[in-house]
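The values are calculated or read from the model by the stated rules, or taken from the named source; none is laboratory data. Because the structure is a prediction, the values reported are computed rather than measured. All Cβ positions, glycine included, derive from the backbone under ideal geometry; neighbour counts span all protein chains shown.
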(Lines give C-alpha, C1' and ligand atoms only; values in the text may rest on other atoms or scores of the structure.)
Protein backbone atom coordinates (compact mmCIF):
# COMPACT_ATOMS: atom_id res chain seq x y z
CA UNK A 1 0.00 0.00 0.00
CA UNK A 2 1.28 3.50 -0.83
CA UNK A 3 1.04 5.90 2.12
CA UNK A 4 1.01 9.67 2.08
CA UNK A 5 1.51 11.97 5.04
CA UNK A 6 -1.53 14.00 6.02
CA UNK A 7 -2.10 16.94 8.32
CA UNK A 8 -5.11 17.97 10.35
CA UNK A 9 -6.00 20.30 7.46
CA UNK A 10 -6.68 17.19 5.39
CA UNK A 11 -9.26 15.96 7.90
CA UNK A 12 -12.79 17.01 8.78
CA UNK A 13 -13.44 18.00 12.40
CA UNK A 14 -12.66 14.89 14.44
CA UNK A 15 -16.16 14.75 15.92
CA UNK A 16 -17.34 13.82 12.41
CA UNK A 17 -16.85 10.37 10.94
CA UNK A 18 -13.35 9.88 9.57
CA UNK A 19 -13.49 9.75 5.75
CA UNK A 20 -10.67 7.19 5.46
CA UNK A 21 -8.55 4.98 7.73
CA UNK A 22 -5.79 6.75 9.66
CA UNK A 23 -2.48 4.87 9.84
CA UNK A 24 0.93 5.29 11.42
CA UNK A 25 4.21 5.53 9.50
CA UNK A 26 4.43 1.72 9.28
CA UNK A 27 0.95 1.43 7.79
CA UNK A 28 -0.74 0.03 10.87
CA UNK A 29 -4.30 1.15 11.46
CA UNK A 30 -4.86 3.78 14.15
CA UNK A 31 -8.55 4.46 13.49
CA UNK A 32 -10.85 3.10 10.82
CA UNK A 33 -13.02 5.06 8.41
CA UNK A 34 -16.39 5.92 9.88
CA UNK A 35 -15.13 6.37 13.45
CA UNK A 36 -15.94 9.58 15.31
CA UNK A 37 -13.21 10.71 17.70
CA UNK A 38 -15.33 12.03 20.55
CA UNK A 39 -12.71 11.36 23.22
CA UNK A 40 -10.71 14.56 23.89
CA UNK A 41 -7.53 12.82 25.00
CA UNK A 42 -7.51 10.48 22.02
CA UNK A 43 -8.07 13.48 19.75
CA UNK A 44 -5.10 15.32 21.25
CA UNK A 45 -2.95 12.20 20.97
CA UNK A 46 -3.79 11.92 17.29
CA UNK A 47 -3.02 15.56 16.63
CA UNK A 48 0.45 15.19 18.17
CA UNK A 49 1.69 12.27 16.06
CA UNK A 50 2.52 11.82 12.35
CA UNK A 51 -0.54 10.61 10.48
CA UNK A 52 -0.71 8.73 7.19
CA UNK A 53 -3.34 7.37 4.86
CA UNK A 54 -3.42 5.32 1.71
CA UNK A 55 -2.96 7.55 -1.33
CA UNK A 56 -6.12 6.45 -3.11
CA UNK A 57 -8.20 7.20 0.00
CA UNK A 58 -6.78 10.73 0.19
CA UNK A 59 -7.45 11.36 -3.51
CA UNK A 60 -11.05 10.17 -3.14
CA UNK A 61 -11.59 12.38 -0.06
CA UNK A 62 -10.21 15.45 -1.86
CA UNK A 63 -12.44 14.71 -4.86
CA UNK A 64 -15.50 14.58 -2.58
CA UNK A 65 -14.37 17.70 -0.73
CA UNK A 66 -13.95 19.67 -3.98
CA UNK A 67 -17.38 18.50 -5.14
CA UNK A 68 -18.93 19.77 -1.89
CA UNK A 69 -17.24 23.17 -2.31
CA UNK A 70 -18.38 23.40 -5.93
CA UNK A 71 -21.94 22.70 -4.84
CA UNK A 72 -21.79 25.60 -2.34
CA UNK A 73 -20.45 27.91 -5.06
CA UNK A 74 -23.30 26.98 -7.37
CA UNK A 75 -25.73 27.75 -4.56
CA UNK A 76 -24.26 31.25 -4.23
CA UNK A 77 -22.78 30.77 -0.77
CA UNK A 78 -20.35 33.31 0.67
CA UNK A 79 -16.65 32.43 0.60
CA UNK A 80 -16.34 31.39 4.26
CA UNK A 81 -19.20 28.91 3.82
CA UNK A 82 -17.65 27.56 0.63
CA UNK A 83 -14.34 26.95 2.42
CA UNK A 84 -16.15 25.26 5.32
CA UNK A 85 -18.05 22.85 3.05
CA UNK A 86 -17.75 19.15 3.85
CA UNK A 87 -19.09 16.16 1.91
CA UNK A 88 -21.73 13.89 3.38
CA UNK A 89 -20.46 11.30 5.85
CA UNK A 90 -20.01 7.77 4.59
CA UNK A 91 -22.47 5.30 6.07
CA UNK A 92 -20.70 3.11 8.64
CA UNK A 93 -21.46 -0.11 6.76
CA UNK A 94 -19.93 1.36 3.57
CA UNK A 95 -16.89 2.70 5.40
CA UNK A 96 -16.23 -0.65 7.06
CA UNK A 97 -16.60 -2.76 3.91
CA UNK A 98 -13.49 -4.73 3.06
CA UNK A 99 -11.67 -4.00 6.34
CA UNK A 100 -9.10 -6.67 7.12
CA UNK A 101 -9.21 -8.55 10.41
CA UNK A 102 -5.95 -6.93 11.51
CA UNK A 103 -7.23 -3.43 10.75
CA UNK A 104 -10.47 -4.12 12.61
CA UNK A 105 -8.54 -5.22 15.70
CA UNK A 106 -6.19 -2.24 15.50
CA UNK A 107 -9.20 0.05 15.71
CA UNK A 108 -10.52 -1.87 18.70
CA UNK A 109 -7.09 -1.64 20.38
CA UNK A 110 -7.08 2.15 19.97
CA UNK A 111 -10.59 2.56 21.29
CA UNK A 112 -10.04 0.29 24.28
CA UNK A 113 -6.89 2.23 25.12
CA UNK A 114 -9.00 5.41 25.24
CA UNK A 115 -11.70 3.76 27.38
CA UNK A 116 -9.20 2.47 29.96
CA UNK A 117 -7.91 6.01 30.45
CA UNK A 118 -11.42 7.20 31.31
CA UNK A 119 -12.43 4.61 33.92
CA UNK A 120 -13.93 6.58 36.77
CA UNK A 121 -17.20 7.88 38.20
CA UNK A 122 -19.19 10.30 36.06
CA UNK A 123 -17.97 9.14 32.63
CA UNK A 124 -19.52 6.95 29.95
CA UNK A 125 -16.64 4.46 30.04
CA UNK A 126 -18.84 1.46 30.89
CA UNK A 127 -21.22 1.94 27.96
CA UNK A 128 -18.22 2.32 25.64
CA UNK A 129 -16.61 -0.79 27.11
CA UNK A 130 -19.77 -2.85 26.59
CA UNK A 131 -20.03 -1.66 22.98
CA UNK A 132 -16.40 -2.59 22.31
CA UNK A 133 -16.85 -5.96 24.01
CA UNK A 134 -19.82 -6.75 21.76
CA UNK A 135 -17.92 -5.69 18.63
CA UNK A 136 -14.80 -7.63 19.58
CA UNK A 137 -16.77 -10.78 20.36
CA UNK A 138 -18.65 -10.57 17.05
CA UNK A 139 -15.38 -10.18 15.15
CA UNK A 140 -13.84 -13.10 17.02
CA UNK A 141 -16.83 -15.31 16.26
CA UNK A 142 -16.81 -14.41 12.54
CA UNK A 143 -13.06 -14.63 12.04
CA UNK A 144 -11.67 -16.73 14.87
CA UNK A 145 -8.56 -18.12 13.16
CA UNK A 146 -7.68 -14.81 11.53
CA UNK A 147 -8.11 -13.05 14.88
CA UNK A 148 -5.80 -15.47 16.68
CA UNK A 149 -3.30 -15.12 13.82
CA UNK A 150 -3.39 -11.34 14.27
CA UNK A 151 -2.92 -11.52 18.05
CA UNK A 152 0.01 -13.93 17.90
CA UNK A 153 1.81 -12.07 15.10
CA UNK A 154 1.34 -8.70 16.77
CA UNK A 155 2.48 -10.03 20.14
CA UNK A 156 5.68 -11.31 18.54
CA UNK A 157 6.62 -8.20 16.59
CA UNK A 158 5.17 -5.11 18.27
CA UNK A 159 4.92 -3.68 21.77
CA UNK A 160 3.02 -0.42 21.17
CA UNK A 161 -0.25 -0.11 23.11
CA UNK A 162 0.76 -3.32 24.82
CA UNK A 163 -1.89 -3.14 27.54
CA UNK A 164 -4.87 -2.82 25.17
CA UNK A 165 -3.51 -5.46 22.80
CA UNK A 166 -2.85 -7.86 25.67
CA UNK A 167 -6.36 -7.30 27.06
CA UNK A 168 -7.98 -8.22 23.74
CA UNK A 169 -5.71 -11.24 23.27
CA UNK A 170 -6.54 -12.44 26.79
CA UNK A 171 -10.25 -12.03 26.05
CA UNK A 172 -9.92 -14.06 22.83
CA UNK A 173 -8.01 -16.88 24.52
CA UNK A 174 -10.25 -16.93 27.59
CA UNK A 175 -13.64 -16.70 25.88
CA UNK A 176 -12.72 -19.43 23.39
CA UNK A 177 -11.62 -21.64 26.30
CA UNK A 178 -14.78 -20.89 28.31
CA UNK A 179 -16.87 -22.07 25.36
CA UNK A 180 -14.99 -25.39 25.40
CA UNK A 181 -15.65 -25.66 29.14
CA UNK A 182 -19.37 -25.13 28.48
CA UNK A 183 -19.73 -22.09 30.72
CA UNK A 184 -23.06 -20.22 30.72
CA UNK A 185 -23.16 -16.99 28.72
CA UNK A 186 -23.49 -14.76 31.79
CA UNK A 187 -20.24 -16.15 33.18
CA UNK A 188 -18.50 -15.69 29.80
CA UNK A 189 -19.74 -12.08 29.77
CA UNK A 190 -18.14 -11.49 33.17
CA UNK A 191 -14.95 -13.17 31.94
CA UNK A 192 -14.77 -10.79 28.98
CA UNK A 193 -15.28 -7.68 31.09
CA UNK A 194 -12.59 -8.85 33.49
CA UNK A 195 -10.17 -9.59 30.64
CA UNK A 196 -10.57 -6.11 29.17
CA UNK A 197 -10.12 -4.33 32.52
CA UNK A 198 -7.82 -6.60 34.56
CA UNK A 199 -4.82 -4.26 34.22
CA UNK A 200 -6.70 -0.95 34.42
CA UNK A 201 -4.60 0.18 37.38
CA UNK A 202 -1.29 -0.19 35.48
CA UNK A 203 -2.25 0.43 31.85
CA UNK A 204 0.25 3.24 31.30
CA UNK A 205 2.98 1.48 33.27
CA UNK A 206 2.48 -1.69 31.22
CA UNK A 207 2.77 0.28 27.99
CA UNK A 208 6.00 1.86 29.20
CA UNK A 209 7.62 -1.34 30.49
CA UNK A 210 6.84 -3.19 27.25
CA UNK A 211 9.12 -0.85 25.30
CA UNK A 212 12.15 -0.42 27.59
CA UNK A 213 15.11 -2.74 28.04
CA UNK A 214 15.64 -2.14 31.76
CA UNK A 215 13.85 -4.10 34.52
CA UNK A 216 11.17 -2.41 36.63
CA UNK A 217 12.31 -0.28 39.55
CA UNK A 218 11.45 -1.23 43.13
CA UNK A 219 8.63 1.34 43.11
CA UNK A 220 7.27 -0.02 39.82
CA UNK A 221 7.39 -3.57 41.18
CA UNK A 222 5.29 -2.45 44.14
CA UNK A 223 2.79 -0.87 41.77
CA UNK A 224 2.60 -4.09 39.74
CA UNK A 225 2.22 -6.24 42.86
CA UNK A 226 -0.81 -4.26 44.05
CA UNK A 227 -2.51 -3.62 40.74
CA UNK A 228 -5.14 -6.37 41.04
CA UNK A 229 -6.54 -5.01 44.32
CA UNK A 230 -6.37 -1.42 43.10
CA UNK A 231 -7.94 -2.30 39.79
CA UNK A 232 -10.89 -4.06 41.41
CA UNK A 233 -11.45 -1.10 43.74
CA UNK A 234 -11.25 1.35 40.84
CA UNK A 235 -13.75 -0.62 38.75
CA UNK A 236 -16.23 -0.92 41.63
CA UNK A 237 -15.98 2.80 42.40
CA UNK A 238 -16.39 3.63 38.70
CA UNK A 239 -19.71 1.81 38.51
CA UNK A 240 -18.96 -1.69 37.21
CA UNK A 241 -21.86 -3.59 38.75
CA UNK A 242 -20.67 -7.01 37.60
CA UNK A 243 -19.54 -8.44 40.95
CA UNK A 244 -18.10 -11.57 39.34
CA UNK A 245 -15.92 -9.51 36.99
CA UNK A 246 -14.73 -7.18 39.76
CA UNK A 247 -13.81 -10.10 42.04
CA UNK A 248 -12.09 -11.91 39.16
CA UNK A 249 -9.92 -8.85 38.51
CA UNK A 250 -8.97 -8.85 42.20
CA UNK A 251 -8.04 -12.55 42.10
CA UNK A 252 -6.53 -12.89 38.62
CA UNK A 253 -2.97 -13.34 39.93
CA UNK A 254 -3.96 -15.57 42.87
CA UNK A 255 -2.76 -19.17 42.37
CA UNK A 256 -3.99 -20.56 45.70
CA UNK A 257 -6.96 -22.38 44.17
CA UNK A 258 -4.96 -24.14 41.44
CA UNK A 259 -5.43 -27.90 41.44
CA UNK A 260 -8.93 -27.85 42.90
CA UNK A 261 -11.88 -28.91 40.67
CA UNK A 262 -13.53 -25.90 39.04
CA UNK A 263 -17.05 -27.03 39.95
CA UNK A 264 -16.19 -26.77 43.65
CA UNK A 265 -15.42 -23.06 43.33
CA UNK A 266 -17.66 -20.00 42.98
CA UNK A 267 -18.01 -18.35 39.55
CA UNK A 268 -15.67 -15.44 40.34
CA UNK A 269 -12.88 -17.84 41.34
CA UNK A 270 -13.45 -19.91 38.18
CA UNK A 271 -13.27 -16.78 36.04
CA UNK A 272 -10.11 -15.62 37.82
CA UNK A 273 -8.38 -18.97 37.31
CA UNK A 274 -9.11 -19.02 33.58
CA UNK A 275 -8.14 -15.36 33.29
CA UNK A 276 -4.81 -16.09 35.00
CA UNK A 277 -3.96 -18.88 32.57
CA UNK A 278 -4.88 -16.87 29.47
CA UNK A 279 -2.91 -13.93 30.87
CA UNK A 280 0.19 -16.11 31.38
CA UNK A 281 -0.06 -17.56 27.87
CA UNK A 282 -0.40 -14.10 26.30
CA UNK A 283 2.49 -12.64 28.31
CA UNK A 284 4.85 -15.46 27.33
CA UNK A 285 4.21 -15.17 23.58
CA UNK A 286 4.56 -11.36 23.67
CA UNK A 287 7.71 -9.49 22.77
CA UNK A 288 8.94 -7.06 25.39
CA UNK A 289 11.72 -4.50 25.28
CA UNK A 290 13.82 -6.69 27.56
CA UNK A 291 13.20 -10.12 25.97
CA UNK A 292 12.07 -11.94 22.84
CA UNK A 293 8.73 -13.70 22.56
CA UNK A 294 8.42 -17.42 23.31
CA UNK A 295 6.94 -19.82 20.81
CA UNK A 296 3.30 -20.64 21.68
CA UNK A 297 4.29 -24.26 22.33
CA UNK A 298 6.81 -23.16 24.96
CA UNK A 299 4.25 -20.74 26.41
CA UNK A 300 1.72 -23.55 26.70
CA UNK A 301 4.01 -25.37 29.13
CA UNK A 302 3.66 -22.49 31.57
CA UNK A 303 -0.01 -21.75 30.97
CA UNK A 304 -1.63 -25.15 30.49
CA UNK A 305 0.02 -27.40 33.05
CA UNK A 306 -1.33 -27.88 36.57
CA UNK A 307 0.69 -28.29 39.77
CA UNK A 308 1.46 -31.93 38.86
CA UNK A 309 3.03 -30.97 35.53
CA UNK A 310 0.08 -32.28 33.48
CA UNK A 311 -2.64 -30.32 31.66
CA UNK A 312 -5.45 -29.80 34.17
CA UNK A 313 -9.08 -28.92 33.48
CA UNK A 314 -8.37 -25.36 32.34
CA UNK A 315 -5.11 -26.24 30.60
CA UNK A 316 -6.72 -29.02 28.59
CA UNK A 317 -9.58 -26.72 27.54
CA UNK A 318 -7.13 -23.97 26.54
CA UNK A 319 -5.17 -26.42 24.38
CA UNK A 320 -8.38 -27.66 22.74
CA UNK A 321 -9.54 -24.12 22.08
CA UNK A 322 -6.29 -22.65 20.76
CA UNK A 323 -4.17 -25.64 19.77
CA UNK A 324 -0.55 -26.50 20.45
CA UNK A 325 0.30 -24.48 17.37
CA UNK A 326 -2.18 -21.58 17.19
CA UNK A 327 -2.58 -19.43 14.08
CA UNK A 328 0.30 -16.99 13.74
CA UNK A 329 2.93 -19.38 15.17
CA UNK A 330 5.87 -20.72 13.16
CA UNK A 331 6.56 -24.44 12.75
CA UNK A 332 8.93 -26.83 11.02
CA UNK A 333 7.26 -29.66 9.10
CA UNK A 334 8.33 -33.27 8.55
CA UNK A 335 9.18 -32.22 5.00
CA UNK A 336 11.85 -29.87 6.35
CA UNK A 337 9.83 -26.81 5.35
CA UNK A 338 9.24 -23.89 7.70
CA UNK A 339 5.88 -22.17 7.67
CA UNK A 340 3.27 -20.23 9.60
CA UNK A 341 0.05 -21.68 11.00
CA UNK A 342 -3.02 -20.12 9.39
CA UNK A 343 -5.88 -22.21 10.84
CA UNK A 344 -6.48 -24.57 13.74
CA UNK A 345 -7.39 -28.20 13.39
CA UNK A 346 -10.15 -30.19 15.05
CA UNK A 347 -7.60 -31.57 17.50
CA UNK A 348 -4.73 -29.80 19.24
CA UNK A 349 -1.91 -30.53 16.79
CA UNK A 350 -2.87 -30.85 13.07
CA UNK A 351 -3.18 -27.22 11.90
CA UNK A 352 -3.23 -25.80 8.37
CA UNK A 353 0.18 -24.32 7.56
CA UNK A 354 1.45 -21.95 4.86
CA UNK A 355 4.97 -23.14 4.01
CA UNK A 356 7.33 -20.18 3.53
CA UNK A 357 10.79 -21.77 3.34
CA UNK A 358 11.70 -24.96 1.46
CA UNK A 359 13.73 -27.79 3.01
CA UNK A 360 16.86 -26.53 1.21
CA UNK A 361 16.49 -23.08 2.81
CA UNK A 362 15.21 -21.25 -0.26
CA UNK A 363 12.22 -18.95 0.17
CA UNK A 364 9.08 -19.75 -1.77
CA UNK A 365 7.95 -17.02 -4.14
CA UNK A 366 4.39 -17.76 -3.03
CA UNK A 367 3.44 -19.51 0.24
CA UNK A 368 2.29 -23.10 -0.23
CA UNK A 369 -0.54 -24.51 1.87
CA UNK A 370 0.27 -27.74 3.72
CA UNK A 371 -2.34 -29.97 5.36
CA UNK A 372 -0.54 -31.35 8.41
CA UNK A 373 -2.88 -34.33 8.73
CA UNK A 374 -0.79 -35.66 5.85
CA UNK A 375 2.19 -37.41 7.49
CA UNK A 376 4.56 -35.95 4.88
CA UNK A 377 3.79 -32.48 6.26
CA UNK A 378 3.13 -33.26 9.91
CA UNK A 379 4.32 -30.63 12.38
CA UNK A 380 7.79 -31.63 13.56
CA UNK A 381 8.47 -28.83 16.04
CA UNK A 382 7.68 -25.23 16.93
CA UNK A 383 10.10 -22.60 15.65
CA UNK A 384 10.96 -19.54 17.77
CA UNK A 385 9.63 -16.48 15.89
CA UNK A 386 12.95 -14.62 16.03
CA UNK A 387 14.52 -17.37 13.89
CA UNK A 388 12.20 -16.71 10.95
CA UNK A 389 13.63 -13.86 8.87
CA UNK A 390 11.33 -14.23 5.87
CA UNK A 391 9.27 -11.26 4.72
CA UNK A 392 5.80 -12.10 3.47
CA UNK A 393 2.36 -10.51 3.22
CA UNK A 394 0.02 -11.64 5.96
CA UNK A 395 -3.07 -10.73 3.94
CA UNK A 396 -1.91 -12.96 1.09
CA UNK A 397 -1.27 -15.89 3.43
CA UNK A 398 -4.70 -15.51 5.03
CA UNK A 399 -6.35 -15.18 1.63
CA UNK A 400 -4.77 -18.50 0.60
CA UNK A 401 -6.17 -20.13 3.72
CA UNK A 402 -9.62 -18.62 3.17
CA UNK A 403 -9.64 -19.96 -0.40
CA UNK A 404 -8.74 -23.50 0.65
CA UNK A 405 -11.52 -26.10 0.62
CA UNK A 406 -12.06 -26.73 4.34
CA UNK A 407 -12.07 -30.45 5.19
CA UNK A 408 -13.64 -31.71 8.40
CA UNK A 409 -10.41 -31.18 10.34
CA UNK A 410 -10.38 -27.47 9.56
CA UNK A 411 -13.34 -26.74 11.80
CA UNK A 412 -12.64 -24.81 14.97
CA UNK A 413 -12.26 -27.04 18.03
CA UNK A 414 -15.58 -27.90 19.62
CA UNK A 415 -16.49 -28.57 23.25
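Data for the structure
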{"quantity": "Unique residue being assigned to a helix (DSSP H, G or I), more than 26 Å from residue 284 (Cα to Cα) and at pLDDT 90 or above when the list is 376, 370", "calculated": "376"}
{"quantity": "Residue check, residue 191 in the same structural domain as residue 114 (by TED's automatic domain parsing), over 28 Å from residue 317 (Cβ atoms) and either more than 15 Å from the chain's Cα centre (by Cα) or surrounded by fewer than 20 Cβ atoms within 10 Å (Cβ to Cβ) (or both)", "calculated": "no"}
{"quantity": "Options 236, 272: the member that is free of Cβ contacts under 8 Å to residues at least 24 places away in the same chain and surrounded by 13 or more Cβ atoms within 10 Å (Cβ to Cβ)", "calculated": "236"}
{"quantity": "Count of residues meeting criterion [in contact (Cβ under 8 Å) with a residue 60 or more places away in the chain and assigned to a helix (DSSP H, G or I)] in segment 175-203", "calculated": "16"}
{"quantity": "Identity of the residue in segment 131-163, surrounded by fewer than 17 Cβ atoms within 10 Å (Cβ to Cβ) and touching a residue at least 24 places away in the same chain (Cβ under 8 Å), that ends up nearest to residue 345 (Cα to Cα)", "calculated": "137"}
{"quantity": "Odd one out for residue 212, checked against (1) more than 15 Å from the chain's Cα centre (by Cα); (2) at pLDDT 90 or above", "calculated": "(2)"}
